[in-house]
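Scroll down for the structure; my scribbles are underneath it.
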Amino acid sequence: MNTFTIIFLIALLLSYGVQFWLSGRQKSHVMAHRDQVPQAFRDKVPLAAHQKAADYTIEKSKLGDIDSGVGALFLLLLTLGGGISLVFDFWSTMDLTSMQADLLSVASIFFLMTLVEIPFSLYQTFVIEDKYGFNKNTLPQFAKDQLISMGLTLGIGLPILALILWVMDSIGSLWWLYAWLIILSFSLLMSWLFPTLIAPLFNKFTPMQDGSLKERIQSLLQRCGFNSNGIFIMDGSRRSGHGNAYFTGLGNNKRIVFFDTLVNSLDEEELEAVLAHELGHFKCKHVIKMLIASSAMTLISFAVLGFLITQDWFFDGLGVSTHSNAAALLLFMLVSPVFTTFMQPISAYFQRKFEFEADEFATRNAQGGKMISGLVKLYEENANTLTPDPIYSAFHYSHPPAAIRIAHIEEKMQSA
Ligand SMILES: [Zn+2]
């Protein structure tokens, strides 16, 4: 057996083994703390809501276990099982140019992967979310969303893929540098266009109406010296009862978006605090830092791929007989997550550090107490567990666990 096959199998087993172990820890930790609301939340969150969050967390986690198990099996089937070779061979027997055959092969495999994921999305939405009262989605709406996403992936993804394959074929050994520049410019363009072009395909965005909330928000924006291209309410309630707020866009195309569900459940001062937190992410340069980090990662990935593509063991070790640029690109996209799982705690750590900084910014520019009461409401209404396993959350959580986060805000309020 090829040495790289053994390395791949060990990495796959380890990464899924670690995920299952963490998820098992999370489930038993949540279960063990199900009977009592943690001390810090006792007068804020009723026991029934705490137990609902525990059951919801455990049920989602069980589905996630099956989903990642199926994902691992499917990856094995595509690689060592010969699936990728089969698809490439099939399209190469058709009367097509090699570019057309490559594009169709990659598209077919992504299509198959989407098909495998659909039952899990259906179960998550129409069984779990429904049971806990979050689901507002309907089957026709779900089908429509899937079709629009697929259409977008094909309409935007295929031309970009064709461009990158062309660069790989015609530029020579430094192709990966050009490919990186293409991806970088494309992702900047997409972030800039997303709020006005893509997001409205899925949701309706209504400018926030004049009134005390808008005035409050505008004065916050002014205080923080922030320019935006409008404050919008999104009809999130069309699909789900979960609430959120976010910033989107780049440069002069920045928008502030509140889910209607959030506006309905928080009071004005809480909304101001939540928005101040989001502003903190901009003011503390988190958005730029994340962009730089992710483009550096993409550059490293392309450089690694630039090397792997010249190595026969890379293809043979992963069970792929077609030694083409398209096959290498596809293999790399499918297989690299197996090796990068172990970097997840590092990125999660930095994300949590950013959350603390944004909370601190919110405490300085809005009311810390309102940030806390808003957070507690969000935790309760989204049925997020207040008692995650410490190792699981260190590995996975992009936000600090509720108790730690609130203690940090209280500390900042006292020192202010
Ligand atoms: Zn944040």
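The values are calculated or read from the model by the stated rules, or taken from the named source; none is laboratory data. In this text, all values refer to a predicted model and were calculated from it rather than measured experimentally. Here Cβ is always computed from backbone atoms with ideal geometry, including for glycine, and neighbour counts include all displayed protein chains. What goes into the accessible areas is simple: the full protein's heavy atoms, side chains included, and nothing from ligands, DNA or RNA. Shrake-Rupley method; radii C 1.70, N 1.55, O 1.52, S 1.80 Å.
General observations
- Matching residues, the range 310-324, being open to solvent by less than 40 Å² (accessible area, probe 1.4 Å) and assigned to a helix (DSSP H, G or I): Phe314, Phe315, Gly317
- In this entry, Ser301 passes the filter for residues that are of a type in the set (Gly, Ala, Ser), assigned to a helix (DSSP H, G or I), away from the ligand (no atom under 16 Å from the Cβ) and open to solvent by 30 Å² or more (accessible area, probe 1.4 Å).
- Among residues of the range 188-221 being at pLDDT below 90 and among the polar types (S, T, N, Q), the one that is farthest from Asn135 (Cα to Cα) is Ser191.
- Matching residues in the range 335-350 - criterion: being open to solvent by 60 Å² or more (accessible area, probe 1.4 Å) and within 16 Å of the ligand (Cβ to nearest atom): Ser347, Tyr349, Phe350
- Residues that are more than 20 Å from the chain's Cα centre (by Cα) and acidic (Asp, Glu) are absent from the range 131-145 altogether.
- Where a residue in the range 273-296 is within 16 Å of Tyr246 (Cα to Cα) and open to solvent by 60 Å² or more (accessible area, probe 1.4 Å) and its partner, wherever it lies, is assigned to a helix (DSSP H, G or I) and away from the ligand (no atom under 13 Å from the Cβ), with Cβ under 9 Å and at least six apart: Lys283/Asn365
- Where a residue in the range 9-26 is under 14 Å from Ser61 (Cα atoms) and its partner, wherever it lies, is at pLDDT 95 or above and open to solvent by 80 Å² or more (accessible area, probe 1.4 Å), with Cβ under 8 Å and at least six apart: none
- Every residue from the range 128-153 that is among the hydrophobic types (A, V, I, L, M, F, W, C) and part of a helix (DSSP H, G or I): Ile128, Leu139, Phe142, Ala143, Leu147, Ile148, Met150, Leu152
- Search result, residues across the range 369-411 that are within 15 Å of the ligand (Cβ to nearest atom) and in a helix (DSSP H, G or I): Met371, Ile372, Gly374, Leu375, Leu378, Tyr379, Ala402, Ile404, Arg405, Ile406, His408, Ile409
- Cβ-Cβ under 6 Å pairs, at least 6 apart or on other chains, the range 387-406 side open to solvent by less than 10 Å² (accessible area, probe 1.4 Å), far side more than 16 Å from the ligand (Cβ to nearest atom) and outside any helix (DSSP H, G or I): Ala402/Leu386
- Test: residue in the range 278-290 that is under 26 Å from Gly369 (Cα atoms) and either among the small types (Gly, Ala, Ser) or more than 16 Å from the ligand (Cβ to nearest atom) (or both): yes
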